[in-house]
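First up is the structure itself, then whatever we jot down about it.
The values are calculated or read from the model by the stated rules, or taken from the named source; none is laboratory data. The shown structure was predicted, so the numbers you read here are calculated from the model rather than taken from an experiment. Heads up, the Cβs are rebuilt from the backbone with ideal geometry, glycines too, and the neighbour counts pull from every protein chain shown.
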Amino acid sequence: MAINKFMHAALKALSYKEVDLKKNYKLYRSVNSKVVTPVKLFYKISDFKIHLDEEEIPIRVFHPEEKTSDEVFLFFHGGGWVLGDIDTYTKPCASLASATGRRVMSVDYRLAPEHPFPCGLRDCYHAAMTICENSRAFELDPEKMILIGDSAGANLAACINLMARDNNTFVFKNQILLYPATWNDHSENSKFESVRAYGKSYLLTSKRICDYVDLYIQNAHDFYSPYFAPLLADDLSNQPRTLLITAEYDPLRDEGEAYGEKLRTFGNNVEQYRMKDALHGFFSLPKRFIHVQRTYDLILRFLDKHNCEAE
């Protein structure tokens, strides 16, 4: 259903008055934690931890009711690097496992501002590397692992693959990026029109994105790092096959699509899809919503296509 004038008016009203995120991020976290829907009674879930120096990185594994593939998703949640955890993303991950017949391993990385860039990225990179290096213990084939994330989590997935290439550590054949953050400027001076067109009245505002960035990036030099804004990378060669899905009414839309185009320019296999009538964050909606169903269909089609090509 298209966003009509009445729905747009409601969205604008909801977007008009914002609690100051930078001063109240703990309140946002508290609110998010109270809306978690328990699913342990309906899905098989297991938890373990990966050790990094003196830190522990929690991982939650979601097992589908009917396993149809040995492929495994390594999932990184959104939330602007400031909000979200494996609890708030339990329902989307469980639904993804159920809809695709594949295991989902969700990474609970450290959040800013307590742990600013590159702490969360380092956690995710180390988790990916540890799982690859100990694949037998996790009963998986590293060549059948798929990096996937939404929003800030998609940013982390893209940056992990850049880091892996640069450090010559591991290689993933596929990545799935859902409305990723790829650029560093989300102010009214951004070079991307979607920031100005959809940055005030569509729930996720440009101000909120800038607040997330200010909490995440606390060193001016890091603002220009391709491991924060991968679209800044001079070289995007040797990246995984990519499915990149953006949302029509999303301030991050244009930078996500620009990242897909740049990946393609460097010779990578990229499939892009703009989700019509969708807002940022739609993947966290219940699975009955059409945009979520379409995402599952696109993911399965993407994976099945490349699995057939490999045979």
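In this structure, is ALA13 part of a helix (DSSP H, G or I), over 16 Å from TYR212 (Cα atoms) and at pLDDT below 95? Here the answer is yes, as ALA13 does meet what is asked. Being assigned to a loop (DSSP other than H, G, I, E, B), of a type outside the set (A, V, I, L, M, F, W, C) and within 16 Å of the chain's Cα centre (by Cα) holds for only one residue in ARG136, ARG110, ARG122, and it is ARG110.
Quick check: anything in the stretch 232-249 of a type outside the set (A, V, I, L, M, F, W, C), in a strand (DSSP E or B) and out of contact with any helix residue (DSSP H, G or I) (no Cβ under 7 Å at 6 or more places or on another chain)? The answer is yes; a qualifying residue exists. Name the residues in the stretch 179-210 that are of a type in the set (Asp, Glu) and over 16 Å from ASN155 (Cβ atoms), would you? Answer for the stretch 179-210, where residues must be of a type in the set (Asp, Glu) and over 16 Å from ASN155 (Cβ atoms): GLU188, GLU193.
Among the residues in the stretch 216-237, are any modelled with pLDDT of 95 or more, crowded, with 21+ Cβ neighbours inside 10 Å, within 22 Å of ARG29 (Cα to Cα) and in contact with a Gly (Cβ under 6 Å, 6 or more places away or on another chain)? No: the stretch 216-237 contains no residue that is modelled with pLDDT of 95 or more, crowded, with 21+ Cβ neighbours inside 10 Å, within 22 Å of ARG29 (Cα to Cα) and in contact with a Gly (Cβ under 6 Å, 6 or more places away or on another chain).
The residue list ASP108, ASP70 contains one member that is more than 21 Å from LEU156 (Cβ to Cβ), among the charged types (D, E, K, R) and at pLDDT 95 or above, which is ASP70. Considering (1) over 23 Å from PHE172 (Cα atoms); (2) surrounded by fewer than 17 Cβ atoms within 10 Å (Cβ to Cβ); (3) of a type in the set (A, V, I, L, M), the lone condition that MET275 does not fulfil carries the number (2).
Within the stretch 52-80, the set of residues being under 25 Å from ASN32 (Cβ atoms) and of a type in the set (Ser, Thr, Tyr) is empty. Pairs are defined by a Cβ separation below 6 Å, a sequence spacing of at least 6 or placement on different chains, a first member in the stretch 98-111 that is within 17 Å of ASP47 (Cα to Cα), and a second member that is polar (S, T, N, Q); the pairs so defined are ARG102/SER69.
Residues in the stretch 152-199 that are part of a loop (DSSP other than H, G, I, E, B) and among the acidic types (Asp, Glu) were compared, and the one that is nearest to THR100 (Cα to Cα) is ASP185. Which residues, counting only those in the stretch 70-95, are in a strand (DSSP E or B) and either among the β-branched types (Val, Ile, Thr) or surrounded by fewer than 22 Cβ atoms within 10 Å (Cβ to Cβ) (or both)? If the condition is that a residue be in a strand (DSSP E or B) and either among the β-branched types (Val, Ile, Thr) or surrounded by fewer than 22 Cβ atoms within 10 Å (Cβ to Cβ) (or both), then VAL72 is the only one that fits. Within the stretch 96-150, which residues are among the acidic types (Asp, Glu), surrounded by fewer than 19 Cβ atoms within 10 Å (Cβ to Cβ) and under 30 Å from LEU285 (Cβ atoms)? The one that is among the acidic types (Asp, Glu), surrounded by fewer than 19 Cβ atoms within 10 Å (Cβ to Cβ) and under 30 Å from LEU285 (Cβ atoms): GLU114. For the stretch 269-311, filtering for residues that are outside any helix (DSSP H, G or I), out of contact with any helix residue (DSSP H, G or I) (no Cβ under 9 Å at 6 or more places or on another chain) and of a type in the set (S, T, N, Q) leaves 0.
Each residue in the stretch 31-54 was checked for being closer than 22 Å to VAL82 by Cβ, surrounded by 10 or more Cβ atoms within 10 Å (Cβ to Cβ), more than 21 Å from the chain's Cα centre (by Cα) and at pLDDT below 85, and 0 of them qualify.
Looking across TYR227, TYR212, TYR202, TYR259, one residue alone is of a type in the set (Ser, Thr, Tyr), part of a loop (DSSP other than H, G, I, E, B), closer than 22 Å to ILE176 by Cβ and touching a residue at least 12 places away in the same chain (Cβ under 8 Å). It is TYR227. In the set (1) at pLDDT 95 or above; (2) more than 13 Å from GLU255 (Cα to Cα); (3) in contact with a helix residue (DSSP H, G or I) (Cβ under 9 Å, 6 or more places away or on another chain), the condition left unmet by PHE138 is number (1). Set side by side, the residues ALA137, ALA181, ALA152, ALA157 differ, and just one is free of Cβ contacts under 8 Å to residues at least 40 places away in the same chain and aliphatic (A, V, I, L, M), which is ALA137.
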